[in-house]
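Trainee: What follows is a structure written as structure tokens; I'll ask about it next.
The values are calculated or read from the model by the stated rules, or taken from the named source; none is laboratory data. Just so we're clear, the structure is a prediction, and the values are computed from it rather than from any experiment. Cβ sites come from the backbone with ideal geometry, for glycine too, and all protein chains shown count toward neighbours.
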Amino acid sequence: MSAQTIGFVGLGAMGGAMAGHLVKNGYAVTGYDISAERAEAAARAGVTRAASPAEAARSADVVMSSLPHPAAVRAAYLGPDGVLSRVRAGAVLVDLSTIDPDTWKEVARVAATKGLDCLDAPVSGGPVEAGSGKLVFIVGGDEQVLERCRPIFTTLGTEIHHVGPLGSAQVVKIVNNVMSMGNVAIAAEAMVLGVKAGMDPQRLFDILSTSGGRSHHFLKRFPNVLAGDFDPRFSIALSRKDLGLAARMAESLGVPMLTMSIVRQVYEAAGASGLDGQDMAAVTELFERWAGVQVRGKPPATR
């Protein structure tokens with residue numbers, strides 16, 4: 001059986017890495033991005049460049065999208081030159097973005113009238129994992145549709161969690177991101193406190209890395225903080241977007257989110273301070289400015 005042909009919409013840090021990895025593993029991928037620069041980078045990795053989402057989807061067995069926010073998803077699928085204007089009957093639509101469940105359900109309702117199945121499959125992991133087939137997929141939708149796409153998921157990831165009906169994966173991903181951003185914010189605040197109190201930043205990190213307060217994101221992101229490296233693996237802007245999704249979901253369900261509200265304001269303050277384009281761990285810079293210290297390790301010795 002030949003590999004499924006794939007249309008890919010959204011070729012940024014995550015989408016471009018995934019599309020390139022699929023090409024490396026024998027898939028024919030046609031991709032579109034609103035940015036000519038990102039589309040060209042994907043083309044250099046072997047992705048066939050399309051002029052629109054519709055063109056990317058035209059001959060695809062599976063259409064995948066990795067986009068920054070709900071409005072971009074709606075435009076990519078429901079717009080005049082969107083996926084649903086050209087995609088053929090029988091294709092599967094898989095959105096990998098982190099968006100609200102209702103947006104993807106809206107797309108799915110229109111898709112169903114054209115004989116198309118949909119999955120929501122947000123991912124856990126960053127660009128490194130996306131480019132090396134080590135993502136974790138959280139999937140919502142019909143299990144039989146998931147099985148049709150399983151070879152693609154197993155190429156891109158190491159774990160696939162089918163969590164329930166369409167939209168349920170987005171709920172899990174939003175909850176996950178609330179926890180992730182909360183972990184980073186409190187770690188940043190705590191590290192700045194320790195440094196202000198006289199601890200060496202590197203020594204403090206080394207000890208906390210083996211202590212009970214550590215988290216996945218502390219271990220993953222704070223070596224970059226110590227190095228002063230805030231390149232956006234996952235940006236402040238995207239963090240703000242996801243916390244906004246969580247806040248709106250909580251409001252719709254009547255669920256108080258007191259701690260998350262404070263965490264959200266930390267990221268909003270970071271955005272207002274000009275840090276939107278930096279990694280989520282750049283919230284550390286906000287606390288550093290307030291405390292008048294820096295959380296940085298000593299540069300490696302030169303020989």
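Trainee: Would you check if Arg44 is surrounded by fewer than 18 Cβ atoms within 10 Å (Cβ to Cβ), touching a helix residue (DSSP H, G or I) at 6+ places or on another chain (Cβ under 7 Å) and among the basic types (Lys, Arg)? Give the derivation first.
Mentor: Values: surrounded by fewer than 18 Cβ atoms within 10 Å (Cβ to Cβ): yes; touching a helix residue (DSSP H, G or I) at 6+ places or on another chain (Cβ under 7 Å): no; among the basic types (Lys, Arg): yes.
The answer is no for Arg44.
Trainee: Of (1) modelled with pLDDT under 95; (2) assigned to a helix (DSSP H, G or I), Met260 satisfies all except one. Which?
Mentor: (1)
Trainee: Taking Ala169 as meeting all but one of (1) small (Gly, Ala, Ser); (2) touching a strand residue (DSSP E or B) at 6+ places or on another chain (Cβ under 8 Å); (3) in a loop (DSSP other than H, G, I, E, B), write down the number of the exception.
Mentor: (3)
Trainee: Exactly one of (1) part of a helix (DSSP H, G or I); (2) free of Cβ contacts under 8 Å to residues at least 24 places away in the same chain is unmet by Pro80. Its number?
Mentor: Result: Pro80 passes all but (1).
Trainee: Would you be able to say whether some residue in segment 264-277 is over 18 Å from the mean Cα position of the chain (by Cα), assigned to a loop (DSSP other than H, G, I, E, B), more than 24 Å from Val171 (Cα to Cα) and of a type outside the set (Phe, Trp, Tyr)?
Mentor: Within segment 264-277, not a single residue is over 18 Å from the mean Cα position of the chain (by Cα), assigned to a loop (DSSP other than H, G, I, E, B), more than 24 Å from Val171 (Cα to Cα) and of a type outside the set (Phe, Trp, Tyr).
Trainee: For the subset of segment 1-32 comprising residues that are of a type in the set (Phe, Trp, Tyr) and in contact with a helix residue (DSSP H, G or I) (Cβ under 7 Å, 6 or more places away or on another chain), which member is nearest to Pro53 (Cα to Cα)?
Mentor: In the first step, residues of segment 1-32 are kept if they are of a type in the set (Phe, Trp, Tyr); the result is 8, 27, 32.
Then keep just the ones that are in contact with a helix residue (DSSP H, G or I) (Cβ under 7 Å, 6 or more places away or on another chain); that gives 8, 32.
Details: Phe8: 8, Tyr32: 6 Å.
Among those that are of a type in the set (Phe, Trp, Tyr) and in contact with a helix residue (DSSP H, G or I) (Cβ under 7 Å, 6 or more places away or on another chain), it is Tyr32.
Trainee: Quick check on segment 278-303: of everything there that is of a type outside the set (A, V, I, L, M, F, W, C) and part of a helix (DSSP H, G or I), which residue is nearest to Val172 (Cα to Cα)?
Mentor: Step one: of segment 278-303, the residues of a type outside the set (A, V, I, L, M, F, W, C) are 278-279, 284-285, 288-289, 292, 294, 296-300, 302-303.
From what's left, part of a helix (DSSP H, G or I): 284-285, 288-289.
Values: Thr284: 26, Glu285: 29, Glu288: 32, Arg289: 34 Å.
Checked segment 278-303; the qualifying residue nearest to Val172 (Cα to Cα) is Thr284.
Trainee: Another question about this same structure. Please work out if Pro68 is assigned to a loop (DSSP other than H, G, I, E, B) and in contact (Cβ under 8 Å) with a residue 60 or more places away in the chain. Please lay out each step first, then the result.
Mentor: On the way: assigned to a loop (DSSP other than H, G, I, E, B): yes; in contact (Cβ under 8 Å) with a residue 60 or more places away in the chain: yes.
Yes, satisfied.
Trainee: Here's something else I'd like to know. Suppose we filter Met280, Met257 for residues that are over 30 Å from Gly131 (Cβ atoms) and not assigned by TED's automatic domain parsing to the domain that holds Pro70; which single one remains?
Mentor: Details: Met280 fails: over 30 Å from Gly131 (Cβ atoms).
Residue meeting the stated conditions: Met257.
Trainee: Leu253 fails exactly one of the following numbered conditions: (1) closer than 20 Å to Thr98 by Cα; (2) touching a residue at least 60 places away in the same chain (Cβ under 8 Å). What is the number of that condition?
Mentor: Of (1) closer than 20 Å to Thr98 by Cα; (2) touching a residue at least 60 places away in the same chain (Cβ under 8 Å), only one is false for Leu253: (2).
Trainee: State whether the residues of segment 186-205 include one that is of a type in the set (Lys, Arg), exposed (fewer than 15 other Cβ atoms within 10 Å of the Cβ) and part of a helix (DSSP H, G or I). Walk me through how you get there before you give the answer.
Mentor: Narrowing segment 186-205 to residues of a type in the set (Lys, Arg): 196, 203.
When the remaining residues are screened for being exposed (fewer than 15 other Cβ atoms within 10 Å of the Cβ), the result is 203.
Imposing the further condition that a residue be part of a helix (DSSP H, G or I) reduces the set to 203.
The answer is yes; a qualifying residue exists.
Trainee: Could you list, in sequence order, the residues of segment 1-29 that are among the small types (Gly, Ala, Ser) and assigned to a strand (DSSP E or B)? Spell out how you get there, then give the answer.
Mentor: Going through segment 1-29, the residues among the small types (Gly, Ala, Ser) turn out to be 2-3, 7, 10, 12-13, 15-17, 19-20, 26, 28.
Scanning segment 1-29 gives a single hit, Gly7.
Trainee: Being touching a helix residue (DSSP H, G or I) at 6+ places or on another chain (Cβ under 8 Å), among the charged types (D, E, K, R), closer than 21 Å to Gly133 by Cα and assigned by TED's automatic domain parsing to the domain that holds Ala111 is the requirement here; does Asp95 meet it?
Mentor: Values: touching a helix residue (DSSP H, G or I) at 6+ places or on another chain (Cβ under 8 Å): yes; among the charged types (D, E, K, R): yes; closer than 21 Å to Gly133 by Cα: yes; assigned by TED's automatic domain parsing to the domain that holds Ala111: yes.
Spelling it out, Asp95 is indeed touching a helix residue (DSSP H, G or I) at 6+ places or on another chain (Cβ under 8 Å), among the charged types (D, E, K, R), closer than 21 Å to Gly133 by Cα and assigned by TED's automatic domain parsing to the domain that holds Ala111.
Trainee: To continue, here is another question. Does segment 223-243 include one or more residues that are surrounded by fewer than 18 Cβ atoms within 10 Å (Cβ to Cβ), over 20 Å from the mean Cα position of the chain (by Cα) and in a helix (DSSP H, G or I)?
Mentor: Checked segment 223-243: at least one residue is surrounded by fewer than 18 Cβ atoms within 10 Å (Cβ to Cβ), over 20 Å from the mean Cα position of the chain (by Cα) and in a helix (DSSP H, G or I).
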